[in-house]
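Asks: Please find one structure pasted underneath; my questions will follow.
Just so you know, all these numbers are worked out from the coordinates, no wet-lab data involved. Please read all numbers here as calculations on a predicted model, not as lab measurements. Note that we place each Cβ from the backbone using ideal geometry, even for glycine, and neighbour counts take in every protein chain shown.
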Amino acid sequence: MPTPTIFNQRLAGKVALVTGAGSQGTGFGTGKAIAYLFAREGAKVCLVDQHVERAEETLAMIQEAGCEAFISAGDVTRDEDCLRFVSQTVERYGALHILVNNVGMATGAQGFEQHPIELWHRVMDVNLKSVFLMCRHALPQLTAYPGSAVVNIASTAGLQGNGSVAYGPSKAAMVQLTRELAVMYGRQGLRANTVAPGHIFTPLVDGFVNEDMRLRRQKIAPLNIEGDAWDVAAATLFLASDEARFITGTCLPVDGGVTEVAPLTAYAMVQA
């Protein structure tokens, strides 16, 4: 979708923390787009990233737009860093209303026999353990404000078999962890939902998807297009906003309808 140019202060008065708020390469990855859109919609944003230079690009864009944000650098797989991210946010802005767990990593297609154990643990740590740690430290702040929200960025790879030994299962576990969060803390005013991006074209994806693959990705979608980081950011904004006050525990695919297509139909669509 086009870069947003109209903003309606849907997060006015809110404080948000977004992990993975920088982008690899030029353009907008999902974390950068989410953080920027949240800031333009009125939120004060903590930009969490292990790569400070990437977060600095996001910060510069937010400040250029006259909005408020700061960087908290560190590793979301480290318990002490996650505690610091939350603490610094509250010290700076006085509250925390929205947590977006966006950090993730994928691996190439490898069979069970070839998949290194160390890589399995690393994927699980980055994609799942980080969500547990961030929520663990953020919950006392989030539950202090009825209407607060957690939005976790999963993947359609966690909804269907995807040929990934660790990535898909880690995202499937994230979806279930979000459901548990919604059920366990709903009575304290917290909503928790998941966004599951599908074929999203970002600077990171540009590094390993060629034109033929992009064409197949488009053809397999009923809408016949790829998504981009702004599509994910818009869905995340909705679920984080008060407009979604009666939505919790859900997983929203942002995939152009790919997960709704039966296998034989998908095959025919790609061949057409």
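Asks: Condition check: under 16 Å from the mean Cα position of the chain (by Cα), of a type in the set (S, T, N, Q) and over 21 Å from Arg54 (Cα atoms). Does Thr250 satisfy that?
Replies: When the stated conditions are applied, Thr250 passes them.
Asks: Right, something else. Condition first: basic (Lys, Arg) and assigned to a loop (DSSP other than H, G, I, E, B). Now tell me which residues in region 161-192 satisfy that.
Replies: Matches in region 161-192: none.
Asks: With the requirement that a residue be surrounded by 24 or more Cβ atoms within 10 Å (Cβ to Cβ) and either aromatic (Phe, Trp, Tyr) or closer than 19 Å to Arg191 by Cα (or both), what does region 129-158 give you?
Replies: Listed by number, the residues that qualify are Ser130, Val131, Met134, Ala138, Leu142, Ser148, Ala149, Val150, Val151, Asn152, Ile153, Ala154.
The rows are residues; the columns are (1) assigned to a helix (DSSP H, G or I); (2) within 19 Å of Leu237 (Cβ to Cβ).
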| site | (1), (2) |
| --- | --- |
| Val48 | no, yes |
| Glu57 | yes, no |
| Gln63 | yes, no |
| Cys67 | no, yes |
| Ser72 | no, no |
| Thr77 | no, no |
| Leu83 | yes, no |
| Ser87 | yes, no |
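Asks: Next question. Any idea how many residues of region 226-247 are of a type in the set (Phe, Trp, Tyr) and over 18 Å from the mean Cα position of the chain (by Cα)?
Replies: Qualifying residue count for the region: 1.
Asks: If you go through region 220-258 one residue at a time, how many are of a type outside the set (Gly, Ala, Ser) and surrounded by fewer than 14 Cβ atoms within 10 Å (Cβ to Cβ)?
Replies: So the answer is 6.
Asks: Could you please find all residues in region 112-133 being of a type outside the set (Phe, Trp, Tyr), closer than 10 Å to Ala166 by Cα and assigned to a loop (DSSP other than H, G, I, E, B)?
Replies: His115
Asks: Ok, one more. Restricted to region 33-65, and to residues that are touching a Ser or Thr at 6+ places or on another chain (Cβ under 6 Å) and within 21 Å of Ile6 (Cα to Cα), which residue is surrounded by the most Cβ atoms within 10 Å (Cβ to Cβ)?
Replies: Filtering first and then ranking leaves Ala35.
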